[in-house]
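Right, one structure below, let's go through it.
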Amino acid sequence: METIFISVSELKVMTAMHLLKEAGITAHHINKMDSAHANIFGEIQIIVHKEDEDKARVILQEAEII
């Protein structure tokens, strides 16, 4: 699994996840935000399988997410 996107914005992450799903790419997000501090610290990562990494990056770049 490869990390292809990191953000503090849940909206960007959900948009990216939707785009990847529509393209047939299985993606997972890992929420490392610290809820004890009102989500001020941390990040959310999107990971995909290594073989989907290049295609996923292109999709997110074309959508101007990354």
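Bear in mind these aren't lab numbers, they're just calculated from the coordinates by the rules spelled out. Model, not experiment: these values are computed from the prediction. Positions of Cβ are generated from backbone atoms using ideal geometry, with glycine treated the same way; all protein chains shown enter the neighbour counts.
Values computed for the structure shown
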item: In nm, spacing of pseudo-spin labels at His49 and Met33 (7 Å Cα→C-beta vector); result: 2.9
item: Read-out log10 I(q)/I(0) by the Debye sum over Cα atoms at q = 0.11, 0.14 Å⁻¹, derived from the coordinates shown; its label in (1) -0.33, -0.48; (2) -0.24, -0.38; (3) -0.55, -0.69; result: (2)
item: Cα→Cβ-extended label distance, 7 Å offset, between Thr15 and Ala63, nm; result: 0.9
item: Total lysine pairs whose alpha carbons fall under 21 Å of each other in the chain (8 or more apart, or interchain); result: 5
item: Whole-number percent relative contact order across the chain, with pairs defined as alpha carbons under 8 Å at least 6 apart; result: 42
